[in-house]
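Have a look at the structure below before the remarks.
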Amino acid sequence: MIVLRSLAFNVLFYLNTVVYLIIALPTFVLPYRAIIAVAKSWGRTNLVLLRVVAGIDCEIRGREKIPAGAILVASKHQSAWETFALLPLFENPTFILKRELQWIPVFGWLTIKGRMVPVDRRKGAQALSAMIERARIELADRRQLIIFPEGTRRPAGAEPRYKYGVAHIYAAEGVPCVPIALNSGLFWPRRTLLRHPGTVLAEVLDPIPPGLSKDEFFERLENVIETATARLIAEAQAKSAV
């Protein structure tokens, strides 16, 4: 049953994405907020498909902790789930993403239209400087800048591998950082087509105010995200064992 439901969801997920890419085409001639609205709708539709087809619901805790206006959002990254599920959570979100994603026809062009913040990892310190300058522009427009500090998906329960770039952004931009913990990897594991029924738990944690040193911020960020993520994983595992 899980295999069939997973197959059905995967087919519908990609069909839904194609449909939304077509719907988004007129936004090329509209203000960038139009593509953000379409992207948020795509995220909500994916959540419905997950629940109805794959049997995966979600519970997002701590929404009330999200400050208004410009913030840095640092999220745990375990699956593709958070790449769309976080979109409806924020008023005017933008992601930090790999430059290569913007080369993908239509999808990549739409990320440019939506003013996502690209980073060219091949350029090292030069790329970091360019990313920080671009992030400053988006934050000046009161946007919510979402970054995955580990840079890539990590399996649920795996040893964390945070990269220091998030600390450079935090220090340079002077805005609060909102950490997010989650356990999506239990239900949407990376590198597999299987989707396991259950409830994804995501938790918005207390914002970290600006003004900390880079090292103090980096240590605090990793500690709060990893502690909460371990708790959410244990909670889901305990529920499934009952």
Please state which one of 63, 44, 51, 33 is touching a residue at least 60 places away in the same chain (Cβ under 8 Å) and either farther than 27 Å from residue 176 by Cβ or out of contact with any Phe, Trp or Tyr (no Cβ under 8 Å at 6 or more places or on another chain) (or both).
63
Keeping to segment 35-65, report how many residues are farther than 30 Å from residue 2 by Cα and in contact with a Pro (Cβ under 8 Å, 6 or more places away or on another chain).
2
Just give me the residues in segment 189-230 being among the β-branched types (Val, Ile, Thr) and either within 30 Å of residue 9 (Cβ to Cβ) or more than 20 Å from the chain's Cα centre (by Cα) (or both), in sequence order.
192, 199, 200, 204, 225, 229
Residue list for segment 118-131, restricted to those being crowded, with 17+ Cβ neighbours inside 10 Å and either modelled with pLDDT of 95 or more or touching a Gly at 6+ places or on another chain (Cβ under 9 Å) (or both)
119, 128, 131
Hey, can you tell me all the residues within segment 33-57 that are crowded, with 19+ Cβ neighbours inside 10 Å and in a loop (DSSP other than H, G, I, E, B)?
none
Exactly one of 60, 104 is surrounded by fewer than 22 Cβ atoms within 10 Å (Cβ to Cβ) and closer than 12 Å to residue 202 by Cβ, and that one is 60
Residue that is modelled with the lowest pLDDT [pool: residues in segment 183-204 that are farther than 16 Å from residue 239 by Cα and out of contact with any Lys or Arg (no Cβ under 8 Å at 6 or more places or on another chain)]:
191
Out of curiosity, is residue 225 buried (at least 23 other Cβ atoms within 10 Å of the Cβ), under 30 Å from residue 50 (Cα atoms) and touching a Phe, Trp or Tyr at 6+ places or on another chain (Cβ under 9 Å)?
yes
Quick check on segment 83-103. Is at least one of its residues touching a Cys at 6+ places or on another chain (Cβ under 9 Å) and either closer than 22 Å to residue 34 by Cα or free of Cβ contacts under 8 Å to residues at least 12 places away in the same chain (or both)?
yes
Only one of these is within 23 Å of residue 26 (Cα to Cα), out of contact with any Pro (no Cβ under 7 Å at 6 or more places or on another chain) and not in a loop (DSSP other than H, G, I, E, B): 112, 96. Name it.
112
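The values are calculated or read from the model by the stated rules, or taken from the named source; none is laboratory data. The structure displayed is predicted, hence computed values, not measured ones. So basically every Cβ, Gly included, is an ideal-geometry build from the backbone, and we count neighbours across all protein chains shown.
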